[in-house]
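Colleague: There's a structure below that I have some questions on.
The values are calculated or read from the model by the stated rules, or taken from the named source; none is laboratory data. Here the structure is a predicted model, which is why all the values come from computation and not from measurement. Glycine also receives a Cβ, built like all others from the backbone with ideal geometry; neighbour counts cover every protein chain displayed. The area values use the complete protein model at the heavy-atom level, side chains included, leaving out ligands, DNA and RNA. Shrake-Rupley method; radii C 1.70, N 1.55, O 1.52, S 1.80 Å.
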Amino acid sequence: MPIADLPTADVPVLDDDPFDLDVLLDPYDFHRRLRDAGGVVRLSRYGIYASGRFAEVDAALRDWASFVSGRGAGMSDFAREKPWRPPSLLLEADPPDHTVVRKAMNGVLSPRSVRALRESFRAPAEQLVEQLVERGTFDAVTDLASVYPLQVFPDAVGLGPDGRENLLPYGGLAFNAFGPDNELRRAALESAAPVQAWVLEQCRRENLAPGGLGARIWEAADRGEISHDQAPLLVRSLLTAGLDTTVHGLGNTLYALSRHREQWRLLHDDPARAKFVFDEALRWESPVQTFFRTTVRPTEFAGTTIPEETKVLLFLGAANRDPRRWGPDSDSFDIARHAAGHVAFGMGVHRCVGQLVARLEAELVIEALARRVRTLEPAGDPVPTPNNTLKGWARVPVAVSPA
Ligand code: OVM
């Protein structure tokens, strides 16, 4: 065996299981140990490499040629195991194929296209906030974060009215499926078939309303930007990645704001900060905690050589709290922080293609709350929700007083 293929002796080894339920629900101590152990470590349980430092995570995400996505963005290596569903043409693809579909999707989700959604997204945000402020106490997740995206996004895609209750379970399933073959993944896949069949059906051209984002993908195929065979899978990407992510992003933002009263006051005094608050919340508690890449050749990285054909687990959530990048108070939630550059949306060629939609939803909800609510406070214990990839809350009880 050539020297480069041997595991190098200098790589720190951790025997932790980052997919253990306790770690998933409260990962931050583990993140610190992971970062402090080195720029890259070996996780002995899974025979994989991992990084939690910002510089290394950011560099690996940008280096799509060394750290490929085509073998899956989860622990399963598509070169060795059959994927649980046909791979995504976006997330689980590499240049040059990825470049073509990404360009088409950039068009569908362009600034112009998303700007056109703003007015129709605004009224539901304001109405919902109005109702909740009248109630005084509510659940920031079950009454808001998981309600608003479902009010606006499926309509924007052009989905029919029936079966929308499948959307959140499908996203949860896809994000659990990135993890190892543990209880969470097995339970998710066990009940997957009917949800998968429903999703596939919604991706057909005849089931997508004219003018919506889904129809726009089919029109890109008519123009020859992608093939007609590719269109349904790209609609599927909208349905997989477009809902659970924003629900958790909003939920985590409201969790952060309700637990930091002085930060709420700053926001209430200047509601135009809403956009920046969202970035800081995504940095502080990243909805998508991890993604995998795979090396295709021995890869020099962080002072060691990662063997070829090796899964590398990149901790976006840990990188976003790395004091080497964010300073000694990296664990504190500070809406005045310059949070731009965080990797909660990923980085490089795969950087979230839907982020303008997510940002629009967040800005409208947070700004409406900031104007109408003088104080936002905890009204009970939050309940975390377990997922192999997503960090978020099932319930965040809050009490508000009107402005
Ligand atoms: C996809 C996709 C993209 C990003 C995240 C994701 C489940 C899925 O293209 O299906 O998570």
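Colleague: Inside region 217-263, can you point out the residues that are of a type in the set (Lys, Arg), away from the ligand (no atom under 16 Å from the Cβ) and within 30 Å of Ala140 (Cα to Cα)?
Modeller: Step one: of region 217-263, the residues of a type in the set (Lys, Arg) are 223, 236, 259, 261.
Right, trim to away from the ligand (no atom under 16 Å from the Cβ) and you get 223, 259, 261.
Arg259, Arg261 - these are the residues of region 217-263 that are of a type in the set (Lys, Arg), away from the ligand (no atom under 16 Å from the Cβ) and within 30 Å of Ala140 (Cα to Cα).
Colleague: Condition check: modelled with pLDDT of 95 or more, farther than 27 Å from Asp29 by Cβ and open to solvent by 10 Å² or more (accessible area, probe 1.4 Å). Does Arg395 satisfy that?
Modeller: no
Colleague: Are any residues in region 162-185 within 15 Å of the ligand (Cβ to nearest atom), in contact (Cβ under 8 Å) with a residue 40 or more places away in the chain and of a type outside the set (Phe, Trp, Tyr), and if so, which ones?
Modeller: Restricting attention to region 162-185, the residues satisfying the condition of being within 15 Å of the ligand (Cβ to nearest atom) are 166-179, 184-185.
In the following step, the residues that additionally are in contact (Cβ under 8 Å) with a residue 40 or more places away in the chain were identified as 167-168, 170-172, 174-179, 184-185.
Leu167, Leu168, Gly171, Gly172, Ala174, Asn176, Ala177, Gly179, Leu184, Arg185, listed by residue number.
Colleague: Restricting attention to region 79-90, and to residues there that are over 19 Å from Arg297 (Cα atoms) and exposed (fewer than 12 other Cβ atoms within 10 Å of the Cβ), which single residue is nearest to the ligand (Cβ to nearest atom)?
Modeller: Pro86
Colleague: Pick out the one residue from Ala192, Ala188, Ala197 that is among the hydrophobic types (A, V, I, L, M, F, W, C), more than 30 Å from Leu364 (Cα to Cα) and free of Cβ contacts under 8 Å to residues at least 12 places away in the same chain.
Modeller: Within the list Ala192, Ala188, Ala197, the selection yields Ala197.
Colleague: A further question follows. With the requirement that a residue be surrounded by fewer than 16 Cβ atoms within 10 Å (Cβ to Cβ) and modelled with pLDDT of 95 or more, what does region 169-192 give you?
Modeller: Asp181, Glu183, Arg186, Ala187, Glu190
Colleague: Do we find that Gly380 is in a loop (DSSP other than H, G, I, E, B), farther than 25 Å from His31 by Cα and not aliphatic (A, V, I, L, M) in this structure?
Modeller: yes
Colleague: In the list Val147, Val141, which residue meets the criterion of being open to solvent by 20 Å² or more (accessible area, probe 1.4 Å), of a type in the set (A, V, I, L, M, F, W, C), within 21 Å of the chain's Cα centre (by Cα) and over 22 Å from Pro232 (Cβ atoms)?
Modeller: Val147 is the lone residue from the list that is open to solvent by 20 Å² or more (accessible area, probe 1.4 Å), of a type in the set (A, V, I, L, M, F, W, C), within 21 Å of the chain's Cα centre (by Cα) and over 22 Å from Pro232 (Cβ atoms).
Colleague: Something else about it: Please determine whether any residue of region 91-110 is within 13 Å of the ligand (Cβ to nearest atom), open to solvent by 40 Å² or more (accessible area, probe 1.4 Å) and assigned to a loop (DSSP other than H, G, I, E, B).
Modeller: Checked region 91-110: at least one residue is within 13 Å of the ligand (Cβ to nearest atom), open to solvent by 40 Å² or more (accessible area, probe 1.4 Å) and assigned to a loop (DSSP other than H, G, I, E, B).
Colleague: Next up: If we scan region 139-161, do we find a residue that is away from the ligand (no atom under 16 Å from the Cβ) and touching an Asp or Glu at 6+ places or on another chain (Cβ under 8 Å)?
Modeller: Taking every residue of region 139-161 in turn, at least one turns out to be away from the ligand (no atom under 16 Å from the Cβ) and touching an Asp or Glu at 6+ places or on another chain (Cβ under 8 Å).
Colleague: Just one of Arg273, Arg259, Arg283 is farther than 30 Å from Gly158 by Cα and touching a strand residue (DSSP E or B) at 6+ places or on another chain (Cβ under 9 Å); which is it?
Modeller: Unique residue meeting the criteria: Arg259.
Colleague: Being within 16 Å of the ligand (Cβ to nearest atom), of a type in the set (Val, Ile, Thr) and farther than 21 Å from Ala55 by Cα narrows it down to one of Thr385, Thr375, so name that one.
Modeller: Testing whether each residue is within 16 Å of the ligand (Cβ to nearest atom), of a type in the set (Val, Ile, Thr) and farther than 21 Å from Ala55 by Cα leaves just Thr385.
Colleague: Please go through region 161-213 and pick out each residue that is under 21 Å from the mean Cα position of the chain (by Cα), outside any helix (DSSP H, G or I) and among the charged types (D, E, K, R).
Modeller: Matches in region 161-213: Asp181 only.
Colleague: Any residue at all in region 280-300 that's away from the ligand (no atom under 16 Å from the Cβ) and touching a His at 6+ places or on another chain (Cβ under 6 Å)? If you could, list the steps in order and put the result at the bottom.
Modeller: Filtering region 280-300 down to residues away from the ligand (no atom under 16 Å from the Cβ) leaves 280-281, 283-285, 294-300.
Remaining after also requiring touching a His at 6+ places or on another chain (Cβ under 6 Å): 283.
Yes: region 280-300 contains one or more residues that are away from the ligand (no atom under 16 Å from the Cβ) and touching a His at 6+ places or on another chain (Cβ under 6 Å).
Colleague: Can you report the number of residues in region 111-123 which are surrounded by fewer than 20 Cβ atoms within 10 Å (Cβ to Cβ) and either within 28 Å of Ala399 (Cβ to Cβ) or modelled with pLDDT under 95 (or both)?
Modeller: 2
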